[in-house]
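Shown next, in C-alpha cells, is the structure this report addresses.
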C-alpha cells in the first residue's frame, strides 16, 4: 500500500466509517457462527468490529508488519502470517470467512480466484463467505496510485464464486461499494 493509503487506513475517520457504516451494512442480517476467519485485515479496523461479534476469530494477513500490529492489538485473535490464496489452515474449519476492502489488493484475477477456492476449502459445509469491496471512482483511483489495484467486477463475481462451488450468491451494489455473500453447500 502506498503512503496515502496507509495513512487513510490508520485514520480515526476510516475506523469510524468501518464501525458505523461499512460493517453494519456488510453484516446486516448475517450470523457468522462461532469460528470466523478474516482474510487481509490490514491495520485491523474491521477486526476491531468482528472481535465483539464472534467467539473465535482467526486472521490471516500477508504483511509481516501488520501481523505484528494485529497480534499486539488483539491478543485474543489467532493472527497468522500467510497468503489468502494459500491458506495455511485445514479443510472445513470455519463457520464463516470474511474479507473487507482487500480483494482489490490481490495482485491478479487468477490469485483472487485462488483465494476464492481456498476460502471454499476452509469453510465448513453451510459456511458463509461474506465481504465488501470498492467499485472504481476517481477518489478510489487516487488513493491507489502506485498501489496494487485489481478491481473485482461485482457483475462477474457470482460466476467466479460459483466456479469454485459456492451457492446462494448475493451481490448488493452501491455507487462506490459492493457487498457479497455466498454459501458452501
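Once the range 20-31 is narrowed to residues that are exposed (fewer than 14 other Cβ atoms within 10 Å of the Cβ) and out of contact with any helix residue (DSSP H, G or I) (no Cβ under 9 Å at 6 or more places or on another chain), the residue that is modelled with the lowest pLDDT is 21. Do you know which of the residues in the range 91-104 that are touching a helix residue (DSSP H, G or I) at 6+ places or on another chain (Cβ under 6 Å) and surrounded by fewer than 20 Cβ atoms within 10 Å (Cβ to Cβ) is farthest from residue 120 (Cα to Cα)? Within the range 91-104, the match that is farthest from residue 120 (Cα to Cα) is 93. Checked against (1) touching a residue at least 12 places away in the same chain (Cβ under 8 Å); (2) under 21 Å from residue 152 (Cβ atoms); (3) in contact with a helix residue (DSSP H, G or I) (Cβ under 9 Å, 6 or more places away or on another chain), residue 17 passes all but condition (1). When the range 116-131 is filtered for residues that are touching a strand residue (DSSP E or B) at 6+ places or on another chain (Cβ under 7 Å), over 14 Å from residue 90 (Cα atoms) and surrounded by 17 or more Cβ atoms within 10 Å (Cβ to Cβ), the ones remaining, listed by number, are 127, 128, 129, 130, 131.
Residues in the range 65-85 that are in a loop (DSSP other than H, G, I, E, B), surrounded by fewer than 23 Cβ atoms within 10 Å (Cβ to Cβ) and either without any contact (Cβ under 8 Å) to a residue 24 or more places away in the chain or touching a helix residue (DSSP H, G or I) at 6+ places or on another chain (Cβ under 8 Å) (or both): 74, 75, 77, 82, 85. Residue count for the range 32-64, restricted to those that are loosely packed, with under 14 Cβ neighbours inside 10 Å and free of Cβ contacts under 8 Å to residues at least 24 places away in the same chain: 3. Sub-9 Å Cβ pairs linking a first residue in the range 142-170 that is under 17 Å from residue 96 (Cα atoms) to a second residue that is at pLDDT 95 or above and in a loop (DSSP other than H, G, I, E, B), at least 6 apart or interchain, are 165/184; 165/185; 166/184; 166/185; 167/184; 167/185; 168/185, ordered by first then second residue.
Out of 107, 88, one residue alone is surrounded by fewer than 24 Cβ atoms within 10 Å (Cβ to Cβ), out of contact with any strand residue (DSSP E or B) (no Cβ under 9 Å at 6 or more places or on another chain) and not in a helix (DSSP H, G or I). It is 107. Does the range 4-18 include one or more residues that are assigned to a loop (DSSP other than H, G, I, E, B) and at pLDDT 95 or above? Looking for residues that are assigned to a loop (DSSP other than H, G, I, E, B) and at pLDDT 95 or above, one finds none in the range 4-18, hence no. Could we say that residue 179 is crowded, with 16+ Cβ neighbours inside 10 Å, at pLDDT 90 or above, within 17 Å of the chain's Cα centre (by Cα) and not in a helix (DSSP H, G or I) here? Answer is yes for this residue.
The values are calculated or read from the model by the stated rules, or taken from the named source; none is laboratory data. Everything quoted here is computed from the prediction, not taken from an experiment. Counting neighbours? That spans all protein chains shown, and the Cβs are built from the backbone with ideal geometry, glycine included.
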